[in-house]
Amino acid sequence: MQIKDLCTCCNYLTITLIERNEETATFTCSYCKNSFDLPWNNETRSLIRTLRGGGGRMKKIQKRNPKLLELLAQLKEPGDHISVDPLPSDIQNREN
């Protein structure tokens with residue numbers, strides 16, 4: 001499965017690859033290859049649905065950058081990445 005998301009490691013909009021088995025879901029940035037695992041459960045499924053629907057951080061970025069939809073349309077293949085510099089200050093502060 002693939003979603004378009006902001007990687008918290010490299011700070012690029014990119015395609016995040018999600019692989020799962022019966023116990024875990026592994027999220028991997030297709031650009032910097034940073035990855036993390038989450039237990040596969042109802043909360044993780046809800047998180048993925050939210051991300052696929054453009055929720056969370058993406059909505060905050062979109063409010064400050066109306067051209068986000070145009071940028072997201074440019075992400076077509078794993079490894080594609082787009083800089084969103086500077087990040088909105090509320091997201092920078094929350095991640096630091």
Q. Using beta carbons and a limit of 7 Å, which pairs, at least six apart or on different chains, have the first residue in the range 69-96 and closer than 14 Å to residue 14 by Cβ and the second one at pLDDT below 80?
A. 82/71; 84/61; 84/65
Q) Taking the condition at pLDDT 90 or above, buried (at least 17 other Cβ atoms within 10 Å of the Cβ) and either outside any helix (DSSP H, G or I) or in contact with a helix residue (DSSP H, G or I) (Cβ under 8 Å, 6 or more places away or on another chain) (or both), does residue 91 pass? A) no
Q) Pick from 48, 15: which is modelled with pLDDT of 70 or more and part of a strand (DSSP E or B)? A) 15
Q | All positions within the range 1-30 that are in contact with a Phe, Trp or Tyr (Cβ under 7 Å, 6 or more places away or on another chain) and within 20 Å of residue 69 (Cβ to Cβ) | A | 7, 12, 14, 16
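The values are calculated or read from the model by the stated rules, or taken from the named source; none is laboratory data. What you are looking at is a predicted structure, and each value in this text was computed from that prediction instead of being measured. Here the Cβ is made from the backbone with ideal geometry for all residues, glycine too, and neighbour counts use every protein chain on show.
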